[in-house]
Amino acid sequence: MTPPLTGTDLESRREHVAGRLLESSARHSFDPMTEIDWDAPLVDGLPFMPFERMSLYGTELWEGLSHAQRVELSKHEFSSGMQVGLWFELILMQLLSRYVYDQDPRSRHAQYALTELGDETRHSIMFARAAEKLDVPHYKPHWLTHEVSRLAKATMGGPSMWGAVLVAEETTDRMQRIMMEDENIQPLMRQVNRIHVIEEARHVRFARDEVANRMAGMNLVMREFHRHVCAVMSFMIIDSMIDPRVYASVGIKPSEGRAAALANPHYQETRRWMAEKITAFLKEHRLIGGPSTVIWKRGHLI
Ligand SMILES: [Fe+2]
Ligand SMILES: [Fe+2]
């Protein structure tokens, strides 16, 4: 483990990182409203996400679907991930706003946090507009998760907050990176993913730095506390990604679709694949470890 940075060393490192991220933001930021061709028609027969990354792929239920039904389900499953992503971005915007409340606005660090808040606002509008264009239901997390998150977004802070943010951002990023280059995916989805991937790379850099700074030298009691909070939040995020109502779009009972997905070894492997980069980082910085590891395993994140 690297020794913890303190005082001016820590401040100057933070300022350096934030300064670089602000420069990059000035060069590569996008307005999805003008950047994306919202009027272009969808392409008939093209999937909205790769079939092999869908939750039912490889199950008996999947075998019973026609190509057209698989395409339809891909639209709903991708839309669910996108709208649940929007839900999490709203949480993140509140977390960032609460975070900056305690910072010196003259610092590059605070200014970058505000820049990220602006990025997330544009992303949420982009996801909302895409869901409107695809004409899908309002997919969202379970009502209990919605209510528990009300408390989380009003109280969370420290490394578990940044860790949970990273789990949401990096698992989504893994999926979006393979989709933005894939010519067999709807062009609209590729455009949405491309903008998100470019801007999220900066958010990941910012949050990873905060996890590393804050975990270094942390005592056992606080470490266990943050490990548990991060594990529970990460489980809730990943478990919410697919609203079971998506399965009804192809005539599968939502409870039956969800049960088949959770028991599907292929989908469990997809979840681990989505999480493998971030969980390796969190293990390295000891935000994953100890008794709460069981929660990560139950979520098929490790
Ligand atoms: Fe975002
Ligand atoms: Fe982000």
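The values are calculated or read from the model by the stated rules, or taken from the named source; none is laboratory data. Bear in mind the structure is a predicted one, so any value in this text is a computation, not a measurement. When we count neighbours, we look across all protein chains shown, and the Cβ atoms used for this are built from the backbone with ideal geometry, even at glycine.
Could you tell me which of the residues ALA128, ALA113 is buried (at least 17 other Cβ atoms within 10 Å of the Cβ), in a helix (DSSP H, G or I), on the phi < 0 side of the Ramachandran plot and within 16 Å of ligand 2 (Cβ to nearest atom)?
Details: ALA128 fails: buried (at least 17 other Cβ atoms within 10 Å of the Cβ).
None of the others qualify; the one that does is ALA113.
Would you call ARG208 assigned to a helix (DSSP H, G or I), among the basic types (Lys, Arg) and at pLDDT 95 or above?
Numbers: assigned to a helix (DSSP H, G or I): yes; among the basic types (Lys, Arg): yes; at pLDDT 95 or above: yes.
Against the criterion (assigned to a helix (DSSP H, G or I), among the basic types (Lys, Arg) and at pLDDT 95 or above), ARG208 qualifies.
Given the conditions (1) part of a loop (DSSP other than H, G, I, E, B); (2) out of contact with any Asp or Glu (no Cβ under 8 Å at 6 or more places or on another chain); (3) crowded, with 19+ Cβ neighbours inside 10 Å; (4) of a type in the set (A, V, I, L, M, F, W, C), report the number of the one that LEU42 does not fulfil.
(3)
Just a yes or no: is a residue in segment 239-247 crowded, with 18+ Cβ neighbours inside 10 Å, farther than 30 Å from ASP135 by Cβ and not basic (Lys, Arg)?
No.
If we scan segment 86-108, do we find a residue that is away from ligand 2 (no atom under 16 Å from the Cβ), surrounded by 18 or more Cβ atoms within 10 Å (Cβ to Cβ), closer than 21 Å to LEU188 by Cβ and under 15 Å from the mean Cα position of the chain (by Cα)?
Within segment 86-108, not a single residue is away from ligand 2 (no atom under 16 Å from the Cβ), surrounded by 18 or more Cβ atoms within 10 Å (Cβ to Cβ), closer than 21 Å to LEU188 by Cβ and under 15 Å from the mean Cα position of the chain (by Cα).
Quick grid of which residues meet (1) in contact (Cβ under 8 Å) with a residue 24 or more places away in the chain; (2) among the β-branched types (Val, Ile, Thr); (3) away from ligand 1 (no atom under 16 Å from the Cβ); (4) closer than 23 Å to GLU23 by Cα:
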| site | (1), (2), (3), (4) |
| --- | --- |
| VAL100 | no, yes, yes, yes |
| THR115 | yes, yes, no, yes |
| ARG129 | yes, no, no, no |
| LEU151 | no, no, yes, no |
| ALA154 | yes, no, yes, no |
| PRO159 | yes, no, yes, no |
| LEU166 | yes, no, no, yes |
| MET175 | yes, no, no, no |
| ASP182 | yes, no, yes, no |
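Could you say which residue among GLU269, GLU224, GLU284, GLU199 is of a type outside the set (A, V, I, L, M, F, W, C) and within 16 Å of ligand 1 (Cβ to nearest atom)? Quick ask: steps written out before the conclusion?
On the way: GLU269 fails: within 16 Å of ligand 1 (Cβ to nearest atom); GLU224 fails: within 16 Å of ligand 1 (Cβ to nearest atom); GLU284 fails: within 16 Å of ligand 1 (Cβ to nearest atom).
Matching residue, one of GLU269, GLU224, GLU284, GLU199: GLU199.
Please verify whether segment 162-174 includes one or more residues that are within 15 Å of ligand 2 (Cβ to nearest atom), over 23 Å from HIS226 (Cβ atoms) and either of a type outside the set (Asp, Glu) or crowded, with 22+ Cβ neighbours inside 10 Å (or both). Outline the logic, then answer.
Residues of segment 162-174 within 15 Å of ligand 2 (Cβ to nearest atom): 162-174.
Among the residues that remain, those that are also over 23 Å from HIS226 (Cβ atoms) are: 174.
Now drop any that are not either of a type outside the set (Asp, Glu) or crowded, with 22+ Cβ neighbours inside 10 Å (or both), which leaves 174.
Looking through segment 162-174, at least one residue is within 15 Å of ligand 2 (Cβ to nearest atom), over 23 Å from HIS226 (Cβ atoms) and either of a type outside the set (Asp, Glu) or crowded, with 22+ Cβ neighbours inside 10 Å (or both).
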